[in-house]
Structure formats: structure tokens, C-alpha cells
1. Here is a list of conditions, (1) open to solvent by less than 80 Å² (accessible area, probe 1.4 Å); (2) at pLDDT below 80, and residue 267 meets all of them except one; can you say which number that is?
2. Counting only residues that are among the polar types (S, T, N, Q) and open to solvent by 30 Å² or more (accessible area, probe 1.4 Å), which one in segment 390-443 is farthest from residue 474 (Cα to Cα)?
3. Hey, could you check segment 367-389 for residues that are over 15 Å from residue 343 (Cβ atoms) and surrounded by 22 or more Cβ atoms within 10 Å (Cβ to Cβ) and say which is nearest to the chain's Cα centre (by Cα)?
4. When you scan segment 15-45, how many residues do you find that are open to solvent by 50 Å² or more (accessible area, probe 1.4 Å) and either touching a Cys at 6+ places or on another chain (Cβ under 6 Å) or charged (D, E, K, R) (or both)?
5. Consider segment 51-75. How many of its residues are over 19 Å from residue 97 (Cα atoms), surrounded by fewer than 19 Cβ atoms within 10 Å (Cβ to Cβ) and charged (D, E, K, R)?
6. Identify all residues within segment 241-260 that are among the aliphatic types (A, V, I, L, M), closer than 17 Å to residue 214 by Cα and open to solvent by 10 Å² or more (accessible area, probe 1.4 Å); write none if there are none.
7. Take segment 451-465 and flag every residue that is open to solvent by 40 Å² or more (accessible area, probe 1.4 Å) and either more than 14 Å from residue 375 (Cβ to Cβ) or part of a helix (DSSP H, G or I) (or both).
8. Is it the case, given these coordinates, that residue 105 is open to solvent by 60 Å² or more (accessible area, probe 1.4 Å) and modelled with pLDDT of 90 or more?
Amino acid sequence: MPERTSIAIKDRHGFERAVPALPSMVLGRHSQCDVILSDSMVSRNHVRIFREEDQWWVEDLNSSHGTYFRDERVSRMPWEPGCTLRVADGAYYLTLRSESAFASEVNLQAILRTAGLLTGEVELDDLLEQALDRLLGISGTDRGFIMLPEGGELVVKVQRNLGVNMEKDIHLSMSSVHKVFEQGEAVWIRNVAADESLMAAKSVINLQLKTILCLPLQVQGERIGVVYLDSRRIATEPVDRPTFEAIVALCAIAIERTRLAEESLRNQVLATVGQVASSIVHDLKNALFLVAGHAQMLELTLKEPDGKHHVAEILAAVDRLQGLSADIVDYAKVREPRRERVDLAPYLAGLLEPLQARVRDAGARLVCQGGSCAAHLDRHRFARVVENLVANSLDALEGAEGGEIVVSWHRLEGGIQLGVADNGKGIPRKVLRRIFEPFFSHGKRKGTGLGMATVKKIVEEHAGTVEVASEEGSGTAVTLVIPDSAASVRSAGAAQDSTDEFRALGPS
């Protein structure tokens, strides 16, 4: 086996990685360095490693915090295998070693260190930071990010050494990254110059990228995310592709384990909060009943407009608290839906009819698209879903001209699809990620923060799914898919397919 030389880099936290020793290389904090040392104590161009006449040398590049060997500051000195340098007051320790003697050990140590992620008790955000740092170190690359699905789309959760506009910086199109996630086929390019299609991309040439790695994060065949890594140099570190893919798989397991643990804990906390809240709601409702009663009696005795105004404010506050109490009780209860066969056309018309006055006041239209269509729902529970979604759309249309809400439905194989869409102000992306969180409210003066959480809960009680697509300034579309229950499927044979009939409720 031909002998190669590597440099072991150990940071102040004890994490160690190995990089190949090139004939001449600069280590430092600058993004153009051959090896990036990101600690703030490191100078932009800190130290140079080079080989002359079979001898390795180290040269400090006038760094602020120095390079040391045996507590003596180094300016320039020969560097022998096995000797360790201290960089920037201990931010890093560099050790020169023979690659042939340590390649197998490096592979094993990389796997064992990554396996430690499985036993750690850290939050998901911290775990993602650690996982990306390890993958960068092990692969010998300089930049990268990890994306996980959120709100129906892939979202960058952590990144290193990339600018704000990552789509321009990475120069492997984001559509290619999404393709890796969707199809599970990795992009593994050790030398961009050997790939004619990539060399044709001027941006890649300008950035002088040499290595591009993009791999799916998979757990038991299910893709949970994607990791992207690249470098300006050909990364020839000792960890081979099978070993690295095994390490990526370990990271995926650790990420999914932590995500599920956090989700379970969050559900337990919410269930406990719901139980406690519902236990006090009964007493709260009694108190509100008394407050409302006395306020109404007081109103009968008042003649001054100012006094009546204050009573009206009291009664309005009571109404809001009663609504919040009802939402808490409804959210806290876990129940099996009492499904029955309903025809969506008359059912939805009956639910939407009381909202016509508010629609007219907003100068909007409420449009139904769909015809006779059999569904199997808990008609009382599902009414809350429709009412909450339409109420949200009305809030989004506040102050807009030509506002329109479209409620549509049609039958699918084994279930129904229901949509509520508006052309209102839309939802900011950072808010869209949180819309199903209990008690989270955005842009509403009177919102309780339980509307969409209740929608999701009732839909999931029906074993259904809910998806929200929104763009700021372009409106919002909510799509529900509700499967028939096993008992309902047997009785659904006579269900009619939906038609494309259009009917408007409200002013045209």
C-alpha cells in the first residue's frame, strides 16, 4: 500500500478529523484556505504546511495567536510524523502521521464517534449542528447544509460557510438536491473537472469547486432529509464512500430518534396542559356566566352612553373568554369520530349560510365548487373544521378588494378531498411552519391560537391529512383528505362522483 501522510486535527471540544497532507496547504479561518479552522481565535490565514525534498515543514503566517511546538512559538520549522502543534492557544492541535498506518483506524474512529450521537441527549437543533460539523470534517469538505422536510417542503435547518443566498452559492441546483431527497440517489463527485456537464456550468468554474457530495438521510428506507457538502479542492481523505455513507446513515438515525423523542415529549406536555386546562374551564365558565349576567343587568339600569360602552366591552371580553374556553375543551378531548353518511353539497351549504353576513360585510364572495358527493364524517366535529378554515380566510381578506373564498370538494377513491382557498394576504413562510402549534396566533386581534391546531386534531381523528400552501400576497389554500372508515367504505358504493358545478353564496 503506498504511503500517504495525513494531518489529524483535534479541536478544543475533543472532536478529531483527518485531512490529507497536500504538498502545500494553508490552514486558517478564511473561506479560501485549503483547510478551514472556524474558531474565532484562528487567523484568516494562520499556518502553512508544505513539503520540500522529502521533509515536511510548518510556517506560521504571522498569526495573532500563534502556532506552538512544545510551548515554543513557531515561525518556521521542520515537522516530523507524530509531532503535535498547538494552534491559537489550544483552539486546535495538529498531528502529522502516516496515512497507510492509520487509514483503517480513521474509518473505525469516524464511525464510533458518529455512533456516539445515538446515545447523546441533545436537542434536535444542537444535534444537527454536531452532525454537519462531523460530516464536513470526515469528508474533508469546506461547506454544506442539512435540509429536513417541514410544512410540506424541504427547509435548510443548519449550514456552514455559505452565504444568505445559498441557491447561488452551492451551484448544484436546488432541484438536484430535491431530486436526491425524492429518489434517494446520491450525487458523489470527487473531481468536478471529470464531469463534463458540471464543467459546462460557468458558476462552478468561477468558484473552483472540486468536490460535491449530496446524500439522502434515510432511516429504514424512508427519507427524512438530505445533506449537501462541497469543497474547492479534491477531498482525498482516508474515509471511503461505503464508510462515509454508513456514517451519514448513523446521523440520519440520530436525527430521526431525536425528532421523534421531542415530538413525543411535546405531545405529552400538550396532553398534560390540555387536561389541566380543561379541569379549570368548568369553573371559569361558571364565573363568566355570572359576569355576563351581572353586566347585562347593569346595562338595563344605565342611561349614559359611556356606561353602556363599558358594559359592551365587558360582554365582548366575556364572549372571547367563552370562545377560548370552548376551544380548550374541544382541543383537550380525544374522541373517536361518530361518522355518518352525509351529502357534502347540502351539508356545507348549511354550514356556510350563517357566514354570508360577514362575507358581505367584508365585500367578498364565498364560492362553492362541487356537487352531490357522499362522505362519511362526524358532522358535528367536522363543522368546527370548516368554520375555522373559512373564518381564517375571512381574516386574511380584511381590507382587501375583490376578496374571494372558494370551498371545493370531490370524491377520491376511498375518501374525499376538501379545499378552502382565498386570495387574501397569505402567510409568511416563518409563520407557516408554526400554524398548527397550539396557542400560536399571528396577525389576529382576537385569535385564540387553537383554530388550526383544532383543525389538524379533528382531521387526524378522521385518519385524514391537512396541507397548507401559501404565498405572502397571493393567498392561501388548505387541502384536506379524509378517508372513509372501514365500515363506511362498504356502504359507499352508491356515492356519486363530484361534478364541476359552480354555485356562489354571497354577493357577485
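The values are calculated or read from the model by the stated rules, or taken from the named source; none is laboratory data. From a predicted model like this one, the values you see are computed outputs, not experimental measurements. Here the Cβ is made from the backbone with ideal geometry for all residues, glycine too, and neighbour counts use every protein chain on show. Calculation scope for accessible area: heavy atoms of the full protein, side chains included, ligands and nucleic acids excluded. Shrake-Rupley method; radii C 1.70, N 1.55, O 1.52, S 1.80 Å.
1. (1)
2. Top of the filtered list is 417.
3. The selected residue is 389.
4. Of the residues in segment 15-45, 3 are open to solvent by 50 Å² or more (accessible area, probe 1.4 Å) and either touching a Cys at 6+ places or on another chain (Cβ under 6 Å) or charged (D, E, K, R) (or both).
5. 3
6. 246, 249, 250
7. The answer is 456, 460, 465.
8. So residue 105 does not fit the description; no.
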